[in-house]
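No lab work stands behind these numbers, since they all come straight from the coordinates. Here the structure is a predicted model, which is why all the values come from computation and not from measurement. Cβ: placed from backbone, ideal geometry, glycine included. Neighbour counts: every protein chain shown.
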């Protein structure tokens, strides 16, 4: 089982006759963001059509005839569950109907007040069809007091707290929106006479779309027959933002994507260089844990002058090993997912680069395989700081007890992992690789300083240190 489940991936396509197929192709570039479920919803301007299911895209759409998803507009989603169980009812895009007609909703992120809003709307008589926090937005839109406002989408988004990038589709338009903190990315591209919205620019590249810009934090972009228009519904300065999730650069996003204005591979190389400055060590070879440590290893080798080689080989055809129901199955799957090239590490002092350690179980097994392959010394280097605090904004480590670094110092973590030395980038070193000011990034999982205090599950928020939160300016 991997250290942490990724966030979800979104695509919205407006314009081409084969919009649903284009959305499907875009999702392939985003498969790394969600591998539990996938779906595409299209519209021909009169009604909507859907195909969704559990599994990888290749499983859900195997042999599928895209003529069953007609129309020039489509939205797609690949899912990892951070809120709501893994079941078909939670598969997105959610397709629902209210007084204004049908709506399809695809969401990336996690709402920290979803349960509070859910309880409130259930008290009004709303009946929820899923356990996903994403459904809350539909009930907000359906409320009569909101429904007939000219700014109904903007007004409803102001009720939400937490991380959300939405791609929503009505029969006559596609709407993209980001939370005012800008936790999760969302990019806009031009495809011929049409447009594409996607979680990462790698999906735009897959479709041959021209990158236009990122949807701004607190912005709503509406695409319809009249073209494209933009609205800022909440200025990030009103909520102490932006607060981009730095884990997008460290772990989530693909190396070929541009996220928060920077190419992910170049950021990870810079993190590797900084790591070599903060934690140098005499060694014979630098290797990466694939694929997370690959870019960082290039940077570490360049800065240190220690040659880089390929010490691990990943089995690319193993499938979804991380969704095994039993712990023994997960451990066995992780064991066959990667192999060591003995000739590279035998008798060598080896520097191992990885992007993060969250739970540590899988990494410990891989490091033990290096020992068995004859590595003389193992020096583990991690391109981000220790994860000591839970995340409430869409990353799958919601409790501090899951984190190997919680209540442990670096030396103890190193002993647990069985390495000769362990070094992490400092928070300051990590932030030095970013283009924007340090205050524009969320680093709560490293520092415990949260941009938004969760209203849901407050018992999970008990930490060993006083939390710092930014007062919110979003009105109900």
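What the Cα convex hull of segment 9-242 gives, in volume per residue, is 110 Å³.
Computed over segment 265-434, the Cα gyration tensor eigenvalues convert (square root of 5λ each) into semi-axes of 23, 21, 15 Å, ordered from largest to smallest. Eigen-decomposition of the gyration tensor built on the alpha-carbon atoms of segment 144-294 gives equivalent ellipsoid semi-axes of 36, 19, 11 angstrom, largest listed first.
Calculated mean residue ellipticity at 222 nm for the chain: -6500 deg cm²/dmol, from DSSP H runs with n ≥ 4 weighted as -39500 (n - 2.57), summed, divided by the residue count and rounded to 500. Distance between the 7 Å Cα→Cβ label points at residue 154 and residue 128: 2.8 nm. Relative contact order for segment 9-82: 47 percent, from Cα pairs under 8 Å spaced at least 6 residues apart, divided by residue count. The long axis of helix 327-336 is offset from the longest Cα principal axis of the chain by roughly 70 degrees. As a proxy for reagent exposure, 133, 256 were ordered by neighbouring Cβ count within 10 angstrom, fewest first; the result is 256, 133. Coordinate range of the alpha-carbon atoms in the chain per principal axis, descending: 70, 51, 41 Å. Shown for 22, 369: other C-beta atoms within 10 Å of each C-beta, ranked fewest to most, produce the order 369, 22.
Working from Cα pairs under 8 Å separated by at least six residues, relative contact order for the chain is 14 percent. Ordered by the number of other Cβ atoms lying within 10 Å of each residue's own Cβ, fewest first, 248, 200, 214 fall into the sequence 214, 248, 200.
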